[in-house]
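Below is one structure, written out as structure tokens, with a few remarks after it.
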Amino acid sequence: MAHKEPSVKVGLGSLRTHVASQLTEDLVGQNVRVAGWIEDIRPLGSIAFITVRDVSGVAQLLLRRELGKLYDEALQTPRQSVISASGVVQKSRAKAVKVEVEVREFKVLSYATHPLPIDPTGRTPSALDLRISSRALDLRNPTVAAIFKIRHTVLQSIRRTLINEGFIEVNTPKIIGQAAEGGATLFTLDYFGRQAYLAQSPQLYKEQLTLALEKVFEISVFFRAEKSNTRRHLSEFISVDIEAAYYDMEDVMGVCERMVANCIDSVLEYNKDELNTLKHTIEKPTLPFPRITYRDAVRELQKVVFKIEEGEDLTDSALKALGELHKGFYFITEWPPQLKPFYIDTEADISKSFDLQFGALELASGGRRISNRRKLEDRMIELGLDPSSFSEHLKVFDWGMPPHSGWGFGLDRFMMILTGKENIREVVLYPRDTVTLTP
Ligand code: AMO
């Protein structure tokens, strides 16, 4: 589950036999070869210590002056250069490591050219923009790598939960001819002389797929031309989407909360070191998550003298105030239909939809869909949309469309919670926003 080297590869590969985390006391007396980047060099007269880091942790090298030229060369190697060293494992007197490698052979595989744009040890902090512009180097900082190791666990846990729940993983197009989520946040592109768009979500496709595959999920990048420069919006983000035939709103909410809880269990089990590195704690949530209706949310806000009328959308400041009242995960249900997209079903003038919140942060939204073509067309017209421009989608509803429900879940936002980061850019390797297009 967590990122791990498969096994000790003694004798294999000429550049390393062990990664740093594999250097344990049972190797004392054995010859090993390690490789990684130099984090620190501490000359102490007749001996020197070099700290070599790799993705798994740190190895301490002990070098003796008797090594002669090799000793001098090793000490002059610029920090962050990549080296390979072999020697014998021995017990260490240092507190931070149990064993060290007494070096016999040392070679530089690649020199780092100084000055480097950032200090990846984090001792000299850099602004986020500068760190992202040097992301590959930034990832040598264990507190940054920790985020992406947790992300790796989360992706695996999501897949495992959804597969166990009987969902089939699918891939839908990202270059599309028809918008699903409203035109304001669409990126357009020239597609061999025709106008095309970058997909904002897999909404229409995932609904169509329930016709035969019944329960599908997709974990993929989607695009939104979000003009708002906030700490939780990106132009390119990862969405986890599900759609399930014969499921109602409550059924898919259950899948959502089990997925969230399983992810947290996995991170707590496999990423203890990373959470420690990040100095972040996460709590196991209790299931089911609280559910509050939109109407109750409005009333709660009015009680704390927040100016809002029923029927109005929950703005950023409304959600902030609501987040003060509800700290953990909770669902907001029963939204007024006018606040939800055309594909959401309604019953007695209330939409069968929900948002999953963590405090003030919206993590997911979904609901039961309209599965009847006439009803869907009427709803489109009500919202000022032209059904004829959705003909490709609507025709599917004449082929026997099962009732279905689903949701879309923002993976990057979830990662903010799991790692305690307030800016979404921290948890995405190469974020894309209104200003950032490189690296
Ligand atoms: P929605 O538009 O609410 O719903 O998106 C679903 C979730 O995706 C995340 N998200 C974003 N994350 C980062 N940057 C963005 N610009 C961004 N936009 C959205 C949020 C959000 O809750 N088709 C529906 C889902 C469904 O009904 O199945 C949809 O796209 O966490």
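Values for this structure:
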{"read-out": "FRET efficiency for residue 276 and residue 225, using Cβ-Cβ distance with R0 set to 51 Å, rounded to 0.05", "value": "0.85"}
{"read-out": "Cα-Cα pairs of segment 288-439 separated by more than 18 Å (percent)", "value": "65"}
{"read-out": "Residue 392 versus residue 310: modelled label distance in nm, points set 7 Å from Cα along the beta carbon direction", "value": "4.1"}
{"read-out": "Sparse-neighbourhood loop sites, chymotrypsin sites (Phe, Trp or Tyr not before Pro) in segment 141-225 - DSSP loop, at most 10 other Cβ within 10 angstrom", "value": "192"}
{"read-out": "Rg/Rg_ref, segment 1-141, where Rg_ref = 2.2 N^0.38 Å and atoms are Cα", "value": "1.06"}
{"read-out": "Pair residue 24, residue 350: separation of 7 Å Cα→Cβ label points (nm)", "value": "5.6"}
{"read-out": "FRET efficiency for residue 96 and residue 72, using Cβ-Cβ distance with R0 set to 45 Å, rounded to 0.05", "value": "0.95"}
{"read-out": "Over the chain, equivalent-ellipsoid semi-axes from the Cα gyration tensor in Å", "value": "51, 22, 21"}
{"read-out": "Gain in span if fully extended, residue 104 to residue 171, counting 0.36 nm per residue against the direct Cα distance", "value": "19.0 nm"}
{"read-out": "Percent accessible area from carbon and sulfur atoms, the chain, protein chains only, probe 1.4 Å", "value": "52"}
{"read-out": "Whole-number Å³ per residue for the convex hull built on Cα positions in segment 186-262", "value": "126"}
{"read-out": "Largest-first principal axis extents, alpha carbons of segment 370-413, Å", "value": "35, 26, 17"}
{"read-out": "For segment 268-289 and segment 64-129, distance of Cα centres in Å", "value": "32"}
{"read-out": "Enclosed volume per residue, in Å³, of the convex hull spanned by Cα atoms of segment 46-121", "value": "106"}
{"read-out": "Viscosity 0.890 mPa s, 25 °C: Kirkwood-radius Stokes-Einstein D of segment 147-284 over Cα pairs, µm²/s", "value": "145"}
{"read-out": "Reachable aspartates and glutamates from residue 91, criterion Cα separation under 15 angstrom, eight or more residues apart if same chain", "value": "25, 26, 100, 102"}
{"read-out": "Taking the chain and dividing mean pair separation by its residue count, relative contact order in percent (alpha carbons under 8 Å, at least six apart)", "value": "13"}
{"read-out": "At most 11 other Cβ within 10 Å, DSSP loop - trypsin sites (Lys or Arg not before Pro), segment 104-138", "value": "123"}
{"read-out": "With 10 Å bins from 0: P(r) over segment 224-303, alpha-carbon pairs, percent", "value": "13, 24, 40, 22, 1"}
{"read-out": "Per residue accessible area of the chain, 1.4 Å probe, in Å²", "value": "49"}
{"read-out": "Spin-label pair residue 159/residue 194, simplified geometry with 7 Å Cα→Cβ offset, distance in nm", "value": "3.3"}
{"read-out": "C-alpha long axis of helix 249-270 to longest principal axis of the chain, angle in °", "value": "10"}
{"read-out": "Unit charges on C-beta of K, R, D, E only; dipole of the chain, Debye", "value": "1880"}
{"read-out": "Cα centroid of segment 292-356 to Cα centroid of segment 194-263, whole Å", "value": "20"}
{"read-out": "Rg/Rg_ref, segment 333-413, where Rg_ref = 2.2 N^0.38 Å and atoms are Cα", "value": "1.18"}
{"read-out": "Angle between the chain longest axis and helix 294-303 axis [Cα atoms, degrees, rounded to 10]", "value": "80"}
{"read-out": "Calculated FRET efficiency for the pair residue 111/residue 265, C-beta based, R₀ 30 Å, to 0.05", "value": "0.10"}
{"read-out": "Considering only the chain, percent of DSSP beta bridges that pair antiparallel, nearest 5", "value": "90"}
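The values are calculated or read from the model by the stated rules, or taken from the named source; none is laboratory data. Since the model is a prediction, treat every value here as computed from it, not as a measurement. We place every Cβ from the backbone using ideal geometry, glycine too, and count neighbours over all the protein chains shown. Each accessible area value is taken on the protein alone, full model and side chains, heavy atoms only, with ligands, DNA and RNA left out. Shrake-Rupley method; radii C 1.70, N 1.55, O 1.52, S 1.80 Å.
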